[in-house]
Amino acid sequence: MKQLLCNFSSGDVYLAALPVGEALPGKLLVRVHHSVLSMGTERMLVGFARAGWLQRAKSQPQRVAQVLQRVKAQGFFAAYDAVQGRLQTPLALGYACAGEVIGVGEGVGGFRLGDRVACNGSHADVVQVPYRLCAKVPEGVTTEDAAMTTLASIALHGVRLARVELGERVLVLGLGLIGCLAVQVLQASGASVVGVDLDASRRDFARERYGIETLESCDQGGYDAVLVCVASESGEPMQDAISASRKRGRVVMVGTGAMDLDRGAMYEKEVSVQVASSYGPGRYDAGYEEHNLDYPLEYVRWTAQRNFEAVLGLMQRGLLDVSSVVGEECRFEDAPQVYTRVIGEESSVLSVRFGYDVQEGVSSSAEREKVLLSSGLRHGLGEVVLGVIGAGVYAQRTFLPGFQGIEGVRFEGIVSRRGGDAGWLGSREGFRWASAKANDILDSQEVTLVAVLTRHDTHAGYTLKALTSGHSVFVEKPLALNEDELDEVMASARERCESQLLMVGFNRRYAPMTRSLVRALRVERGVKSVAITVNAGALSEDHWLHDRDQGGRIVGEAVHFIDLCRHLVGSEIVNVSVQRVGNDVDAGAWITMGFSCGSVGVVAYLTQGPEDVVKERVEVMVDGKMARIEGWKKLSVWGSWKGGLKSERHLRADKGHRWMYQAMVDHMVRGESMHGEMIPLDELDEVSRVAIRAAKLHQEG
């Protein structure tokens, strides 16, 4: 497929050829016939991407504060890398389209192949969208008009929040795209509408087209409700809206702007102020969008999907003329040039509607699933041929950048279930092809090393398939979520250990400070006490790691530090106990391990700490000596270590990722490495089982 993307570093807008894949659970695959460029929103996004650093900082003070917190906790370079990682991720433009269903995911109800639908997909000839954000297009409504559904639903949701009744006087502040749609919805509701805009051409258009009274600025008309449909960095529009409202009137912010409200004016009038969120209840709710959990109609009458249906009903009855706000009609292939023209100038055009050549749309699964990206690979030829399954944050910001400068690796193929992520990331990193089908990697005769970088519930399955197919495997932790999965994976790995490599991403073993500390510990006698404190931080309630199917944070994250304890002590873990910290879904834990040599290790995996405190601290005591690693930048030593361990400090944190990848490549090419040995299969098995056991104890409380 072709998709319109914006480079977030430069602001350049371009069409990218990306794989599509099959419809995912809860999703519809839609071949787009028309999509709409919303001038205000998309000009703002592209304008932000093209702005300088100072302008970006001024427009997002909260993000600046978050970056400064990260600098304080992790250092300048970690914060810089995180910001650069965000900027390197392209932005998919657009959120309003309509077309034909060509794929129905598992769990989808009420839709079938061939249905015409309106949805919130981006500018692309094929989109994958949650079916709760789709609605069937009724007879009598063209696909061209239906493409405006999501935009009209924003206006409709704002009107609903204003609780407008028949005959009330309503002021619409801002006669852009959403404002003009709101005017029509209000008229259909029986309201008397007045429009305000500084632009004379927009006032003339609204007055002539919709027959409303228009003003250059707000009056003191005592309106029952005011809809603020402007995008402004100033708080003035909201102040004007409050001034124009009657006593106990309602003000709804549908656009974007500052909320520095005058309490005195609000107190005097007892004005109600509310901010509208997109298309209505359900939008941005993972339960609604990702898990198909609808709100009961008896309690939430108008969800996002039901607002879509209501808008289409207004179109069908002739009460909503969306074509009136379409300023231009263009071919989708011309979209980059259109953006360059209309975003870069002060245009009176309210929206642009793109038409797609459906004859050139996706016609076969082969076309949907694999796209050739490059004939000249950035990494050239190599003995290790890499195939990657997963194109998420770890792949983007850690794994693939970590191979910079490592010789002997060829980037062959990259896969993501959503396809698009694999396409742009594969292009950036120099892969030969991208796909949406994992079997394209697993069945490849070229690939020698499969990297499994997907969500946790897929790790064991993909690892087992890759081993069975004859590949070596790197899997980002965890290796498995339960002991049955682990038994299968380990049996396969042991059967093939002479010819194939199995590696789990326990990178902290390979950190330079860890290697120095381990060399010193191996020549020290006596039992060791290891204490690792992890300031993991809380996750949002809807974060995917809270999903029970993903195994939780002990198996998924704390396993890192269980492995690090095992590596530092250098002997078998014989018992584990867990003390839960808190009772909520994100409760932390104290994990205590006893080792066969008599040593003790404790991992304090905590979620209540402040963000500006160092995230990881490792302390080891043995025979009157102590060493402490803080944030993987500072190693402090007390006492005289036989191995000659010395204190050291670095500007940039090094958690060992690159050295782990280098060691893995060296072992595959030469059978040995100067950067650390491969983790023995028995230790992978042991650490994984301890983490699974600890997670069970944690869940039991």
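The values are calculated or read from the model by the stated rules, or taken from the named source; none is laboratory data. Since we're looking at a predicted model, the values are computed, not measured. All Cβ positions, glycine included, derive from the backbone under ideal geometry; neighbour counts span all protein chains shown.
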Task: Among the residues listed as 385, 371, the single one being out of contact with any Gly (no Cβ under 7 Å at 6 or more places or on another chain) and either over 18 Å from residue 506 (Cα atoms) or modelled with pLDDT under 90 (or both) - done: 385
- [ ] Determine whether the range 547-556 contains at least one residue that is assigned to a helix (DSSP H, G or I), polar (S, T, N, Q) and crowded, with 21+ Cβ neighbours inside 10 Å.
- [x] no
Task: Count of residues meeting criterion [more than 18 Å from residue 476 (Cβ to Cβ) and in a helix (DSSP H, G or I)] in the range 628-666 - done: 1
- [ ] Taking only the range 183-199 into account, find how many residues are in contact with a strand residue (DSSP E or B) (Cβ under 9 Å, 6 or more places away or on another chain) and of a type outside the set (S, T, N, Q).
- [x] 8
Task: Complete set of residues in the range 383-418 that are in contact with a Leu (Cβ under 6 Å, 6 or more places away or on another chain) and among the small types (Gly, Ala, Ser) - done: 390, 391, 395
- [ ] For residue 258, state whether it is of a type in the set (Gly, Ala, Ser), outside any loop (DSSP other than H, G, I, E, B) and outside the structural domain of residue 121 (by TED's automatic domain parsing).
- [x] no
Task: Residues satisfying the stated conditions in the range 294-348, i.e. surrounded by 15 or more Cβ atoms within 10 Å (Cβ to Cβ), farther than 29 Å from residue 139 by Cβ and of a type in the set (Asp, Glu) - done: 333
Task: Conditions (1) at pLDDT below 90; (2) in contact with a Ser or Thr (Cβ under 6 Å, 6 or more places away or on another chain); (3) of a type outside the set (S, T, N, Q): number failed by residue 250 - done: (1)
Task: Residues of the range 613-625 that turn out to be within 41 Å of the chain's Cα centre (by Cα) and either under 22 Å from residue 599 (Cα atoms) or among the acidic types (Asp, Glu) (or both), as a count - done: 6
- [ ] Please work out if residue 652 is among the charged types (D, E, K, R), modelled with pLDDT of 95 or more and not assigned by TED's automatic domain parsing to the domain that holds residue 405.
- [x] no
Open item on the list: Would you confirm whether or not the range 111-118 contains a residue that is outside the structural domain of residue 421 (by TED's automatic domain parsing), β-branched (Val, Ile, Thr) and out of contact with any strand residue (DSSP E or B) (no Cβ under 6 Å at 6 or more places or on another chain)?
Closed with: no
- [ ] Test residue 293 against the criterion of being touching a residue at least 12 places away in the same chain (Cβ under 8 Å) and assigned to a loop (DSSP other than H, G, I, E, B), and give yes or no.
- [x] no
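Residue 170: farther than 24 Å from residue 36 by Cβ and touching a Lys or Arg at 6+ places or on another chain (Cβ under 8 Å), yes or no? Break it down into steps so the answer makes sense when it comes.
Values: farther than 24 Å from residue 36 by Cβ: yes; touching a Lys or Arg at 6+ places or on another chain (Cβ under 8 Å): no.
So residue 170 fails the test.
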Task: Breaking point among (1) among the hydroxyl-bearing types (Ser, Thr, Tyr); (2) touching a strand residue (DSSP E or B) at 6+ places or on another chain (Cβ under 6 Å); (3) not in a helix (DSSP H, G or I), for residue 499 - done: (2)
- [ ] Answer yes or no as to whether residue 521 is surrounded by 14 or more Cβ atoms within 10 Å (Cβ to Cβ) and within 30 Å of residue 613 (Cβ to Cβ).
- [x] yes
Task: Qualifying residues in the range 299-358 (those that are touching a Phe, Trp or Tyr at 6+ places or on another chain (Cβ under 9 Å), under 17 Å from residue 34 (Cα atoms) and small (Gly, Ala, Ser)) - the one modelled with the lowest pLDDT - done: 335
Open item on the list: I need a count of the residues in the range 211-254 that are of a type outside the set (Ser, Thr, Tyr), part of a loop (DSSP other than H, G, I, E, B) and surrounded by fewer than 23 Cβ atoms within 10 Å (Cβ to Cβ).
Closed with: 10
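Being surrounded by fewer than 17 Cβ atoms within 10 Å (Cβ to Cβ) and not assigned by TED's automatic domain parsing to the domain that holds residue 627 is true for just one of 483, 476, 541. Which residue is that?
It is 483.
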Open item on the list: Which numbered condition in (1) within 21 Å of residue 350 (Cβ to Cβ); (2) modelled with pLDDT of 65 or more is the only one that residue 45 fails?
Closed with: (2)
- [ ] Select from the range 447-487 the residues that are among the charged types (D, E, K, R) and touching a Phe, Trp or Tyr at 6+ places or on another chain (Cβ under 7 Å) and write down the one among them that is farthest from residue 413 (Cα to Cα).
- [x] 477
- [ ] Mind listing just one residue for me: the one in the range 439-463 that is of a type in the set (A, V, I, L, M) and under 27 Å from the mean Cα position of the chain (by Cα) and, of those, farthest from residue 689 (Cα to Cα)?
- [x] 441
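Which one of 666, 685 is acidic (Asp, Glu), in the same structural domain as residue 520 (by TED's automatic domain parsing) and either at pLDDT below 95 or touching a Ser or Thr at 6+ places or on another chain (Cβ under 6 Å) (or both)?
Of 666, 685, the one residue that is acidic (Asp, Glu), in the same structural domain as residue 520 (by TED's automatic domain parsing) and either at pLDDT below 95 or touching a Ser or Thr at 6+ places or on another chain (Cβ under 6 Å) (or both) is 666.
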Open item on the list: I'd like the residue in the range 566-588 that is under 27 Å from the mean Cα position of the chain (by Cα) and small (Gly, Ala, Ser) and, out of all such residues, is surrounded by the fewest Cβ atoms within 10 Å (Cβ to Cβ).
Closed with: 587
Task: Near pairs, Cβ below 8 angstrom, 6+ apart or cross-chain, from the range 421-447 (among the β-branched types (Val, Ile, Thr)) to any residue that is assigned to a helix (DSSP H, G or I) - done: 441/466; 447/441
- [ ] State whether the residues of the range 474-481 include one that is over 17 Å from residue 679 (Cβ atoms) and either in contact with a Pro (Cβ under 7 Å, 6 or more places away or on another chain) or acidic (Asp, Glu) (or both).
- [x] no
Task: Test result for residue 489, more than 22 Å from residue 633 (Cβ to Cβ), in a helix (DSSP H, G or I), aliphatic (A, V, I, L, M) and without any contact (Cβ under 8 Å) to a residue 40 or more places away in the chain - done: yes
Task: Looking only at the range 84-100, and only at residues there that are part of a loop (DSSP other than H, G, I, E, B) and among the polar types (S, T, N, Q), the one that is surrounded by the most Cβ atoms within 10 Å (Cβ to Cβ) - done: 89
Task: Residue among 258, 276, 265 that alone is at pLDDT below 95 and crowded, with 16+ Cβ neighbours inside 10 Å - done: 276
Open item on the list: Consider the range 185-195. How many of its residues are surrounded by 24 or more Cβ atoms within 10 Å (Cβ to Cβ) and either farther than 13 Å from residue 213 by Cα or at pLDDT below 95 (or both)?
Closed with: 2
